[in-house]
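Q: Got a structure for you, written out below as structure tokens; questions coming shortly.
Here, each number is a calculation from the coordinates, and none is a lab measurement. In this text, all values refer to a predicted model and were calculated from it rather than measured experimentally. Using ideal geometry, Cβ is built from the backbone for each residue, glycine included, and neighbour counts are taken over all protein chains shown.
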Amino acid sequence: QVQLVESGGGLVQAGDSLKLSCAASGRTFSGYTMGWFRQAPGKEREFVAAIGKTSGNTLYADALKGRFTISRDNAKYTVELQMNTLIPEDTAVYYCAARTGPLSRTYSFYDYWGQGTQVTVSS
């Protein structure tokens, strides 16, 4: 089992950048594929990005590729999401998630979740 805690959210203006972090604890971090998802008010949770167990592979939502970058540090038990050129439509609660299987865009395939961190982008 792994516990996840997100941080780094906040209120920013359109065009700004923000980096989210997710700190993991518990079982060996390198045994988990990590993902970021987000959920805006009144909308379903959507996939943002995922990274493989050894950082060799990444997967992005098509609409976000190029603006968002996922990375991980297995020694520090952290995964980060660098978000650039933010737009108001990026406003959501961002969740970190973990699974023992391979990369996936499907949120129901992830077994462990953090509590989320709010990102608000003003126009």
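Q: In the Gaussian network model of the chain, springs joining C-alpha atoms below 10 Å, which of ASN74, ASN57, ASN84 carries the largest mean-square fluctuation?
A: The residue with the greatest mean-square fluctuation here is ASN57.
Q: Still on this structure, I have one more. Quick one: of the DSSP bridges fully inside the chain, what percent are antiparallel, nearest 5?
A: Looking only at bridges with both residues in the chain, the antiparallel portion is about 90 percent.
Q: Note down the nm distance, to one decimal, between modelled labels 7 Å out along Cα→Cβ at ASN74 and at THR58.
A: Distance between label points: 1.7 nm.
Q: Can I ask one more? Across the stretch 16-24, in residue order, what do the Karplus-derived ³J(HN,Hα) couplings come to in whole Hz, using 6.51 cos²θ - 1.76 cosθ + 1.60 with θ = phi - 60° and x for Gly and Pro?
A: Whole-Hz 3J(HN,Hα) from phi for the stretch 16-24: 6, 10, 8, 10, 9, 10, 9, 9, 10.
Q: Tell me, what is a quarter of the convex hull surface for the C-alpha atoms of the chain, in nm² with one decimal?
A: With the hull built on Cα positions only, its mean projection is 6.7 nm².
Q: In addition: At a Förster distance of 25 Å, what's the computed FRET efficiency of SER104 paired with SER7, Cβ-Cβ distance as r, to 0.05?
A: Numbers: r = 24 Å, r/R0 = 0.96.
In this case the efficiency is close to 0.55.
Q: Compute, for the chain, the length of the dipole vector about the Cα centre, with Cβ point charges of +1 (Lys, Arg) and -1 (Asp, Glu) only. Units Debye, rounded to 20.
A: 320 debye
Q: Name the residue farthest towards the positive end of the dipole of the stretch 1-83 from the options GLY9, MET83, ILE70, assuming +1 on Cβ of Lys and Arg, -1 on Cβ of Asp and Glu, about the Cα centre.
A: ILE70
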